[in-house]
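The values are calculated or read from the model by the stated rules, or taken from the named source; none is laboratory data. None of these values were measured; they are calculated from a predicted model. Cβ placement follows ideal geometry from the backbone for every residue including glycine, while neighbour counts extend to all protein chains displayed.
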Amino acid sequence: MNARDALQGNPLLQPWHTPQALPPFGEIDSAHFAPAFDVAMCEHRAELDAIATQAEAPTFDNTVARLDASGRLFARIELVFHNLCASETSPALQRVQREMAGPLAAHSNAIYLHEGLFARIDRLHRERAGLALTAEQERLLEQMHRDFVRAGAQLTGTARQRFAAINERLASLTTRFGQNVLADEAAFRLVLGHEADMAGLPDFVRDAARQAATERGLEGGAVITLSRSLVVPFLTFSERRDLREAAWRAWTSRGEHDGDTDNRPVIREILELRAEQARLLGFENYADFALDNTMARTRQSVMRLLDDVWARAVPALERERAALLAEMREAGVAHEIEPWDWRFWAERARQRQFAIDDAEVKPYFSLDRMVAAAFDCAERLFGLRFVHRADWPVYHHDVKAYEVTRRDGSAVGVFLHDNFARPSKRSGAWMSPYRQQTKNGGVVMPIVANNNNFAKAAPGQPTLLSFDDVRTLFHEFGHGLHGLLSDVGYERLSGTNVLRDFVELPSQLFEHWMSEPDVLRRHARHVDTDAPIPDALIERLKRARRFGQAFETVRYTASALTDMAVHALPREQVPADPVAFESQVLRERGLPPGVGVNHRFTHFQHLFYGAGYAAGYYVYLWAEVLDADAFDAFVEAGDPFDAKTAERLRRHIYAAGDSVDPAATYIAFRGRAAAIEPMLEKRGLLEPA
């Protein structure tokens, strides 16, 4: 009897006879993961050994393609595990996550530090010019070889051993970082015990606060949590400055409290280990290592963009500050503007200047309507149809499963939509796959999940979204389409497995359709009257689109600058107090007072819950240059749903994965490289004519 036979009761190791082979969520328990991983890792390593020790000389098919198709059982389990840890965790699952961090990192080492395997790939890479490979096969070989080299495959002796040990320690630290942030978020409750505590709050914020209280066992009360979709509206509308300050301080100090959830020592060790890894691989610092496999390539390229935008945004911010101070003085308020004041007074100024009030706007943006709008745009652009399947398994009752097909009825994949905040779910918004598209070893259709953290309405009431929430929904759905529309031959090149500063292009580009007048007229309908959004309100929203952009740009760019600064340090210069270093960088950069930053280090999950965006938070701005320029292709065509432009977009951006160099595939879509001016115009940062 083999190891798998001995665990016949473990659903993770059995065939999944569910619709579209979805995970049988209702049968999976936290206790199933560790033994299933043991079996899957053992089987995967046997596959790797078989590839490495075969008698035949290495070929693309017997080495590269086989490696790409290997470990399917392990990948299936790992994707379910990581998705549940992020979306629907529990104390038991968190224990497993901590226990498995080291073994999973060790398994990654077993792949990329496998000498026999790398020897075959390295030989093929040296001989690639004479192998008569297709363009996609050559790209796969290039990327796979780069993966091994960046994972330490060329290291020897003690350097190799040290690199592997660092990987395992980093896996433990990043897991701890994420769990600490979640713990601080789950522990915070700003109780609104009296009517006076809710002064200024519109009904949609009050309703969301009451629902948050109900979900936390406080029947009849109201609480503000650290979910962005609840805390930001509170900071925007609450007339209680003392409570705004309390909420802001809790929101910005996550992970910065003495005790078990203190992320400061965690960050310091992560930075030290990353810098050491980079040096082992021949780089001066971690930023240089991270950027070596991006479109930007160098810190100098990144800093040119960040410096240019910073220099434009700070003066624009001071113009915004003057408008807010005028609003405050007219209201008889004498104090200076603090970070917990900015959104409140910006909303007052916005209402005065553009006659836009979220309490007027939000009833036109119910969650169900906006999901339908995103689906409709996907059908009009790419011919996709989304059919809700209430009978399909999901991991939480809030999640909706959709069957995705083309117009002719042929299957595309599965889309899981998880939209609401809850204590068992990490903050933020993200897309992640449960299964990736490939044709290697048979056609495999993707399963893609979108996670948002919207504040849920009371039972029977529609959940209303802010314009910013709608943008988040469309953004993540753009990532989802990137995974669903993938049409490549190999899993390593599939979907969102692209360079980090290209991955945000499909998501940010899709945001443009949310504000198209035609889309708004179709889908933005009042929840009570079903009346379409008035053209006059659409026009006011359009005129207001640049309002507050300097505030948002400064906050974002400040976080990108601190990320780049701290990851550009060699190991011996990593600060003992990363928070003090962060403050120093912002002070030297001249961060204007009263603004704050998007993310402070102690809860900056982009950087420290994993390495995906470490020395890479700049990518949203880099991709915005691309997305603003890309949408202009539709403007030039005279139709936001122009069929020929949409087909080029599908083929070259959404379907191509990493099968083509991103700069080349962008030019194939646009006919030229991207220009920066559309992004600057979008943010209102172009110099006046």
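What the table shows:
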| quantity | calculated |
| --- | --- |
| Helices (runs of 4 or more DSSP H) within the range 579-668 that include 3 or more residues out of contact with any Asp or Glu (no Cβ under 6 Å at 6 or more places or on another chain) and surrounded by fewer than 17 Cβ atoms within 10 Å (Cβ to Cβ) | 619-637, 643-649 |
| Those helices (runs of 4 or more DSSP H) lying entirely in the range 485-572 with at least 1 residues polar (S, T, N, Q) and touching a residue at least 60 places away in the same chain (Cβ under 8 Å) | 500-510, 549-567 |
| Pairs with Cβ under 8 Å, 6+ apart, first in the range 321-342 and under 29 Å from H599 (Cβ atoms), second aromatic (F, W, Y) | L324/W342; L324/W345; E327/W345; M328/W345; I337/W345; P339/W248; W340/W248; W342/F551 |
| Residues (surrounded by fewer than 16 Cβ atoms within 10 Å (Cβ to Cβ) and either modelled with pLDDT of 95 or more or of a type in the set (D, E) (or both)) located in the range 207-224 | E215, E219 |
| Among (1) at negative phi; (2) modelled with pLDDT of 95 or more; (3) out of contact with any Leu (no Cβ under 7 Å at 6 or more places or on another chain); (4) surrounded by 16 or more Cβ atoms within 10 Å (Cβ to Cβ) - the single one F547 does not satisfy | (2) |
| Residue match in the range 635-650 (condition: under 30 Å from R426 (Cβ atoms), at pLDDT 95 or above and of a type in the set (D, E, K, R)) | no |
| Count of residues meeting criterion [under 25 Å from the mean Cα position of the chain (by Cα), over 18 Å from A560 (Cβ atoms) and touching a residue at least 24 places away in the same chain (Cβ under 8 Å)] in the range 273-291 | 3 |
| Residue check, I111 assigned to a helix (DSSP H, G or I), at pLDDT 95 or above, aliphatic (A, V, I, L, M) and crowded, with 20+ Cβ neighbours inside 10 Å | yes |
| Residue satisfying condition, being in a helix (DSSP H, G or I) and more than 19 Å from E320 (Cβ to Cβ), within set P393, P363 | P363 |
| E195 exposed (fewer than 14 other Cβ atoms within 10 Å of the Cβ) and under 21 Å from E245 (Cα atoms) | yes |
| Cross-chain or 6+ apart pairs with Cβ under 7 Å, the range 29-42 first and at negative phi, then of a type in the set (S, T, N, Q) | S30/S90; H32/N10; P35/N10; A36/N10 |
| Any hit, the range 93-107, residues being farther than 22 Å from Y490 by Cα, free of Cβ contacts under 8 Å to residues at least 12 places away in the same chain, out of contact with any strand residue (DSSP E or B) (no Cβ under 9 Å at 6 or more places or on another chain) and surrounded by fewer than 21 Cβ atoms within 10 Å (Cβ to Cβ) | no |
